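Below is one structure; the comments refer to it alone.
Just so it is clear, none of the values below were taken in a lab; they were calculated from the coordinates. As the structure is a computational prediction, the values presented were derived from the model and not from experiment. Here the Cβ positions follow ideal geometry from the backbone for every residue, glycine too, while neighbour counts run over all protein chains shown.
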Amino acid sequence: MLTALRQQFRTWLFRPQIESGTVTLNQRRIFIVPTRSGLGFAGVLVLMLLGDINYNLSLGYVLTFLLGTTAVMTMLHTFRNMVRLEVRAGRADAVFAGETAQFVFHVHNAGALPRYRLILHDKNQRRVMFDISAQQSVEVKLPLPAARRGWQHAGRLTLYTEFPLGLFHAWSYFEFDTRCLVYPKPATSLPLPASSGQNGTGKFNVTGDEDFSGLRGYVAGDTPQRIAWKALAREQGLQVKQFNTQQGQILWLDLYLAPAPDTEHRLAILARWVLDAEAAGLQYGLRLPCVELPPDHGIAQREECLRALALFGMSDSTLAAAET
Amino acid sequence: MNLPSTLIYGLLLCVLMVCAPHAAHLPSWVSVESAALLGWCAYLTRNKLALPARWLLGALMLGDVIGILASFHTLFGRDASTTLLILLTAFKQLEVRNLRDATMTIYLACFIIVTNFFYTQTIAAALYMLATLLLIVTVWLHLHGDTLPLKARLRLAAIMLMQAVPLMLVLFILFPRVQGPLWGLPQDAYGSSGLSDTMSPGSLSKLSLSDAVAFRVTFNGEPPRHTQMYWRGPVLWKFDGKTWQAGRATSAQAPQLDSLDSASDYTVTLEPHNKTWLFTLDMPTSISIPAQLTYDFQMVRTAPVNARLRYNAHSQLGYRANADEDPRQLQRALNLPPNLNPRARQLAAEWRARLPGDVAVVNAALEHFRREDFHYTLEPPALGSNEVDDFLFGTRHGFCEHYASSFVFLMRAAGIPARVVTGYQGGEYNDLGGYYIVRQSDAHAWAEVWLKERGWVRIDPTAAIAPARVQSGLVAAMPDSAALPFLARMQSPLLLKLRFDLDALAFQWNQWVLSYDPERQFALLTRLGMESVSLQQMALDMMLGLALLVGLYTLFMLRRLQVRDSDAVQRLYLRFCRKLEKTGIARAAHEGPRDFAMRAAQAQPQQAAAITDITARYMALRYGKAPDPMALQVLRRMVAAFRL
């Protein structure tokens, strides 16, 4: 009963909800309480006041009141250090499981005052501290370990400050819809499977890449090796050299080909193969039970494949929840 | 150590600064040790060495506790606990390892400032406190804002303290004052310089070396002459051959006073002296605060004066006091210790036999002092067991207590009731403040004899030897070489004036800051127009004042966060567009500023230059990199001046 009420109170007070876009920290969102050392200081002040009364120390009164009001005023300073900051979630680049996901947040200070010692942390106390000068933005990177493949969410984050004297703790919660794609952790080195058109030596000639067939416009994801730098030098814009690919030299990466007992390990092996195939400059396609990615080559293909591996088997509902 | 070394130095400086004023009264070994501990800490920090082990510090601290016990014979009480606090704080510096320890140091430093006010509460102490606070807050900011440069921290600390000053004033004026103490105070809580309730050779001459102010007096009306300013303190009846004491009264007869001459009305601001008596002019008749007039005309309070006290009193300068004194009291005023001072007794008996009447004996004694080779000096030679004989027939060098004591002895030996009165004589006029300052160096002792029909009559034997003492103060009565207090010696007129100005300032400070007690608070609040000075009303007004100020601060402090320069630029541009719109040139939703400007310039060729210029400036401000802050002002002026 009490717990339920408490939960309800917290829900009412903190209004947990997933947000997108820019969040401006206003008085509704900022909470402020005295810190432990703030309470300690209050105790010191009470002792001082008792001493002043007892010994009729007029200057003691002056000192006590001066310290007391300074302390109370720091509440305003602490609040001011946070209020009207604009926080926006940035892109979090995909990482492999076991690496650290860098969640990027853009914090903008539109006011004319610099802000100091702001700390952003998640519920596991992984934190990052930053300052923002007046009318500046900073890109805050919160490193969170990525344990499992799939979508990783930053979860509910806390931004707090105790500036200037550490007597008050002002904080704000927010939960953005930002997420980071976590690829399966690639297995340790393993030979690539046999090409579908050849016997499985694992060796391929890559002559297909050498037949130059023309130029096309650059699309995001094209490998930099194929950019026509000469064309760029002639001010013809970014163009990519196209090569004829040869049929029959295509590597199909199939979940069932991966020599491992369970799906997770197989995905790990596939991830390794995708990386190796890309590094070897091969044409490769990916075949999963409900997904088939046609063979291609390049960064875009690599990402596409890894993404499919990362999200393989994730239920639509999870995905849907993550999308919203 | 994970704290930056600059922070450690800052903390050490704070501790040094709050402890420095204590050096004046700490035992010297404590000052030396504290300084050594701070130096040790600075050395370790500088050379990035590890802090000493806890057991070592513990052992040293234990040694210090024993040292304090040896010096003060207690760990409690004002001096001992202050000493302990200072040593503890110095030790704490050697184990400052994290933020919490550093915060603790800051708190301790704040506390040590308060302890300094036990000893001094002058204007200088207040200014020093402000400087110390500025340093402390600056270092404190370092704890929680280490990315701020020192200058910015100093500035922020100053701003924070300045913001707190008006709030502090509201609290200082309106915070309901309670008359302390709340609990029993250790005996040494108050300084007790001043007269004591006994008098022995040397006690007053020692006091005369002090410049300290005993009290200040404002006369309501014409001030009496200097020779009439006898500030009555303890009256001493009992003599044991060496020391004069008050003794025990044998009668409860009320004092009777017949006035003969002018009266005087005056206000005294008495410095705390930790004794019950109040000083009034001979002879007091009434006083504004609860006090009792004893049978020998002393004004006595029930509680010791341990805070500065202001009272208004009324005195008769010409009087007949207790003309029909109780015979038992008169007998008391004749008692002498047996077998002492035979030569003085003999001299008195001689006068008695030779001269008719008491007045003649009194005059003979004064004449004796005047005629014989007596000297008035602050450094009288030591006396033997027959003190009065030694003085009268031997050394003949003495201060007022010697003269008063031997005079009363002679009178009693001659059968005339007499007693010693101690107090202060004279006072120094401060024309800036319009009041008299009576210092400890004005301490004095005189005699009173009881004569038939006339009652108790004041006789000052010192006046017979050194008339200048009574006419114009101690300075005039002493040869230049005498060891007088620095301030009491005559200075150049400029220095004298400066000294008086400073004292007038100190007087106002005392009046308005240091003696701001429940009484003064009441008076001030009534004068400020508060109709009923009640606790509730004060608390309410205090809250109101604070809320008002904090509200103002909030408005002021959050103001700069709402101004957005980009918005200002946009607003200006929109105003410019509205001006154009009034003449029918409305900006279409799809139209960029450049296209719109071109169209508007074609429609309004005579304003084309202004339109192009404003648009260019707008685009530079809105989309350009790092716009010049002055550019906004220019744009504002141009938009305002834009007319069609």
> Taking only the alpha-carbon atoms of segment B:565-641, what semi-axes of the equivalent ellipsoid follow from 5 times the gyration tensor eigenvalues under a square root, in whole Å, largest first?
Replying inline: 20, 13, 11
> Which order do peptides B:101-114, B:349-362 fall in by mean Cβ count within 10 Å, highest first?
Replying inline: B:101-114, B:349-362
> On average, how many beta carbons from a partner chain sit within 10 Å of the beta carbon of a residue in A:45-51?
Replying inline: 3
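Can you sort B:D442, B:D390, A:D131 from fewest to most other Cβ atoms within 10 Å of each residue's own Cβ?
Fewest to most other Cβ atoms nearby, the residues stand as A:D131, B:D390, B:D442.
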> By a straight-distance test (C-alpha under 15 Å), which aspartates and glutamates pair with B:K238 as possible cross-link partners, with residues fewer than eight away in the same chain excluded?
Replying inline: B:D197, B:D296, B:E401, B:E448
>> Can you bin every Cα-Cα distance in the protein assembly as shown into 20 Å intervals starting at zero and give me the percent of pairs per bin, rounded to whole numbers?
In response: 10, 25, 25, 18, 11, 7, 3, 0
> Once both axes come from the Cα atoms, what is the angle between helix B:123-144 and the longest principal axis of chain B, in degrees from 0 to 90, rounded to 10?
Replying inline: 40
> Between segment B:29-54 and segment A:131-173, what's the alpha-carbon centroid distance in Å?
Replying inline: 39
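Using only the C-alpha atoms of segment A:1-183, find the volume of their convex hull and express it per residue in Å³.
Numbers: hull volume 25.4 nm³, N = 183.
Cα-based convex hull of segment A:1-183, divided per residue, equals 139 Å³.
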> Per-residue mean of other chain beta-carbon atoms within 10 angstrom of the beta-carbon, peptide B:163-172?
Replying inline: 6
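Compactness ratio of chain B: Cα Rg over 2.2 N^0.38 Å, N = residue count? Provide the component values of the computation, followed by the final result.
Values: Rg = 37.1 Å, N = 644, 2.2 N^0.38 = 25.7 Å.
Here the answer is 1.45, to two decimals.
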> For helix B:535-562, what angle does its Cα long axis make with the longest principal axis of chain B, in degrees from 0 to 90 and rounded to 10?
Replying inline: 30
> aspartates and glutamates near A:K123 by alpha-carbon distance under 13 Å, same-chain residues fewer than 8 away left out - which ones?
Replying inline: A:E175
> Peptide B:112-120: average number of partner chain Cβ atoms within 10 Å per residue?
Replying inline: 5
> Sorting B:M299, B:M619 on the 10 Å Cβ count, fewest up front, what's the list?
Replying inline: B:M619, B:M299
> Hey, what angle do you get for helix B:78-93 against the long axis of chain B, alpha-carbon based, 0 to 90 degrees rounded to 10?
Replying inline: 30
>> Of A:H153, A:F103, A:L76, which is farthest towards the positive pole of segment A:1-183's charge dipole, taken about the Cα centre with +1 and -1 on the beta-carbons of Lys, Arg and Asp, Glu respectively?
In response: A:H153
>> Nearest 500 deg cm²/dmol is fine: what mean residue ellipticity at 222 nm does chain B get from its DSSP H runs of n ≥ 4 alone, each adding -39,500 (n - 2.57), divided by its residue count?
In response: -16000 deg cm²/dmol
> How large is the dipole of the protein assembly as shown about the Cα centre if only Lys and Arg carry +1 and Asp and Glu carry -1, each at its Cβ, rounded to the nearest 20 debye?
Replying inline: 2500
>> Here is the link list: B:K206/B:K275; B:K48/B:K92; B:K48/B:K151; A:K141/B:K151. Which ones come out longer than 23 Å on Cα distance?
In response: B:K48/B:K151; A:K141/B:K151
>> At 222 nm, what value in deg cm²/dmol follows for chain A if DSSP H runs of at least 4 each add -39500 (n - 2.57) and the sum is divided by all its residues, to the nearest 500?
In response: -10000 deg cm²/dmol
